[in-house]
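The values are calculated or read from the model by the stated rules, or taken from the named source; none is laboratory data. Bear in mind that the values here come from a model prediction, so they are computed numbers and not experimental data. Reconstructed Cβ throughout: ideal geometry from the backbone, glycine too, with neighbour counts over all protein chains shown. With ligands, DNA and RNA removed, areas are computed over all heavy atoms of the protein, side chains included. Shrake-Rupley method; radii C 1.70, N 1.55, O 1.52, S 1.80 Å.
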Amino acid sequence: MQRTDKINYYLDIAETVLERGTCLRRNFGAIIVNHDEIISSGYTGAPRGRKNCIDAGYCVRETLGVPRGERYELCRSVHAEMNAIISAARNDMIGATLYLAGKEAKTGEYVPNPAPCSMCKRLIINAGIRQVVARRNKTEYTVTDVSEWVENDESLAGKFGY
């Protein structure tokens, strides 16, 4: 028997968490780990007490044909990364790693080029999380140092030609 490496172990847990997701487009699972201890977890779903898309039977963004990465204000869901962050104390997240796994709801395929949206990036930065590991497939993943998001700020007006 071959032992799973630590990164894929945590990504496997994040993948299990995503199974609780309620989005009709794609579901993500996130766990935050610090000092080799899971601090919190989160999955994609509507705010507590509100109807989930799977219960409503439709996705507004899907109905309108909104491309991935756009118009998140139309989405009913709170992202997995957001749910993991709001379930943890900031002091526990400083220097932590966020593990992220995502699958397409209709096909069960891994989300290609998984990465946090711009809003989640801001929350991850403010939470003090050091790096994000995102699963590309069952054994491959990307590792992003959060300081890169601070240094290469996509929200600066000059980058959008304003």
Give me a count of the residues in segment 132-154 that are crowded, with 16+ Cβ neighbours inside 10 Å, free of Cβ contacts under 8 Å to residues at least 60 places away in the same chain and either in contact with a helix residue (DSSP H, G or I) (Cβ under 9 Å, 6 or more places away or on another chain) or over 25 Å from Ser40 (Cβ atoms) (or both). 4
Taking the condition of being among the aliphatic types (A, V, I, L, M) and either open to solvent by less than 20 Å² (accessible area, probe 1.4 Å) or more than 15 Å from the chain's Cα centre (by Cα) (or both), how many residues in segment 99-131 meet it? 6
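Quick check on Arg50: is it at pLDDT below 95 and closer than 27 Å to Asn8 by Cβ?
no
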Which of the residues belonging to segment 1-51 are aromatic (Phe, Trp, Tyr) and within 24 Å of Glu62 (Cα to Cα)? Phe28, Tyr43
Going through segment 120-134 in order, the residues found to be in contact with a strand residue (DSSP E or B) (Cβ under 9 Å, 6 or more places away or on another chain) and of a type in the set (S, T, N, Q) are Gln131
When segment 91-118 is checked residue by residue, the ones that are in a loop (DSSP other than H, G, I, E, B), touching a strand residue (DSSP E or B) at 6+ places or on another chain (Cβ under 7 Å) and within 22 Å of Glu70 (Cβ to Cβ) are Ala105, Glu109, Val111, Pro114, Ala115, Pro116
Which one of these does Asn34 not meet: (1) of a type outside the set (Val, Ile, Thr); (2) in contact with a Leu (Cβ under 7 Å, 6 or more places away or on another chain); (3) modelled with pLDDT of 90 or more? (2)
